[in-house]
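Written out below as structure tokens is the structure these notes cover.
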Amino acid sequence: MNVAIVKYNAGNIYSVVNALRRLNIEPLLTDNAEELRKADKVIFPGQGNAREAMEYLHEHHLDEVIKGLKQPVLGICVGQQLLCKHSEEGDVDCLGIFDVEVKRFQPQRHEDKVPAMGWNKIKTNDNPLLQHLGNNPYVYFVHSYYVPTCKETIAEAKYILPYSACLHKDNFYTCQFHPEKSGKVGEQILKNFLEL
């Protein structure tokens, strides 16, 4: 199977590469439009700043490439947020696959720390991405911004308020958490994605 990872100026790509290698997949790390279009599956990971990431995607015409992909695409962390309409992080318009705006967590109590960091449970529906995870599985998050729940939400987490842990629309799937750092549950999600 030919799996491509979108190469751009967002960190943490190598933990995704290593997670795929554990599943016997040698991914292609690329910013080449033709290679991305030809891949069987595309992963769009990321950590970092939404505005800087969008500027890089525009400059390299990767924004149009990603929006035009027809195979299954998995956005991870900032990758999920960039697939939304707009982000409060840098007040930037994003790719607009999901018609929802990314918001910054606003602490309500002293113990509400931002970024939200660590293990949290998710409530899932029966989407193919989320099969065989058990009840309310725990996954690993690191983020200061969140996607509100919306009609495309397929998994929900709660920190300060309920928000979208995963989204799905057409061939686009996302995780706000890091499946590559989420142990057996994250590995199962990656397996499910590869089998879509």
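The values are calculated or read from the model by the stated rules, or taken from the named source; none is laboratory data. These figures come from a predicted structure and were not determined experimentally. Cβ atoms come from the backbone with ideal geometry, glycine included; neighbour counts cover every protein chain shown. Side chains included, ligands, DNA and RNA excluded: accessible areas come from the protein's heavy atoms. Shrake-Rupley method; radii C 1.70, N 1.55, O 1.52, S 1.80 Å.
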Within straight-line cross-link reach of LYS70, lysines at Cα separation under 23 Å, skipping those fewer than 8 residues along the same chain: LYS7, LYS38, LYS41, LYS85, LYS151, LYS169, LYS191
Where TYR163, TYR145, TYR138 fall by accessible area, highest first, once all protein chains stay in place (1.4 Å): TYR138, TYR145, TYR163
With x for Gly and Pro, the residue-by-residue ³J(HN,Hα) of segment 147-164, computed from phi through the Karplus equation 6.51 cos²θ - 1.76 cosθ + 1.60 at θ = phi - 60° and given in whole Hz, is 9, x, 5, 8, 5, 8, 5, 10, 8, 10, 10, 10, 8, 6, 8, x, 8, 7
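Hey, what does the equivalent ellipsoid look like for the chain, semi-axes from the Cα gyration tensor as sqrt of 5 times each eigenvalue, largest first, whole Å?
On the way: eigenvalues 112, 83, 43 Å².
For the chain, the ellipsoid semi-axes come out as 24, 20, 15 Å.
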Counting only the heavy atoms of the protein chains, how much of MET1 is accessible to a 1.4 Å probe, in Å² to the nearest 10? 120 Å²
Solvent-accessible area per residue, Å², over the chain with all protein chains present [probe radius 1.4 Å]: 46 Å²
Lys/Arg +1, Asp/Glu -1 at C-beta; the chain dipole; positive extreme among TYR14, LEU74, PRO137: PRO137
Accessible area of LEU190, 1.4 Å probe, to the nearest 10 Å²? 10 Å²
Counting only residues 5 or more apart in sequence or on a different chain, those whose built amide H sits under 5 Å from that of ASP31 are LYS7
Charge dipole magnitude, Cβ of K and R +1, D and E -1 - segment 141-181, Cα centre, debye nearest 20: 100 debye
Kindly write out, for segment 108-115 in residue order, the coupling ³J(HN,Hα) from the Karplus curve 6.51 cos²θ - 1.76 cosθ + 1.60 (θ = phi - 60°), rounded to whole Hz, with x marking Gly and Pro. 9, 9, 4, 7, 7, 9, 10, x
Helix-derived [θ] at 222 nm for the chain: sum -39500 (n - 2.57) over DSSP H runs of at least 4, divide by residue count, nearest 500? -7000 deg cm²/dmol
Looking only at PHE172, PHE105, PHE141, which one moves most when the chain is put into a Gaussian network model with springs between Cα atoms under 10 Å? PHE105
Provide the net charge surrounding GLY186, with neighbours chosen by a C-beta distance below 11 Å and charges set as Lys +1, Arg +1, Asp -1, Glu -1. +2
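Relative contact order for segment 48-196: what is it in percent, counting Cα pairs under 8 Å that are at least 6 residues apart?
Averaging sequence separation for qualifying contacts and normalising by length gives 24 percent for segment 48-196.
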What whole number of Å gives the distance from the Cα centroid of segment 135-166 to the Cα centroid of segment 37-88? 19 Å
The size of the Cβ-based charge dipole (Lys, Arg +1; Asp, Glu -1) of the chain about the Cα centre, to the nearest 20 debye, is 700 debye
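Relative contact order for segment 28-89: what is it in percent, counting Cα pairs under 8 Å that are at least 6 residues apart?
On the way: 57 pairs, mean separation 29.1, N = 62.
Computed value for segment 28-89: 47 percent relative contact order.
Could you tell me what percent of the accessible area of the chain is made up of carbon and sulfur, with a 1.4 Å probe and every protein chain present?
Details: 4140 of 9050 Å².
Taking all protein chains in place, the chain shows 46 percent carbon and sulfur surface.
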So what does ASP99 come to for accessible area, using a 1.4 Å probe and Å² rounded to 10? 110 Å²
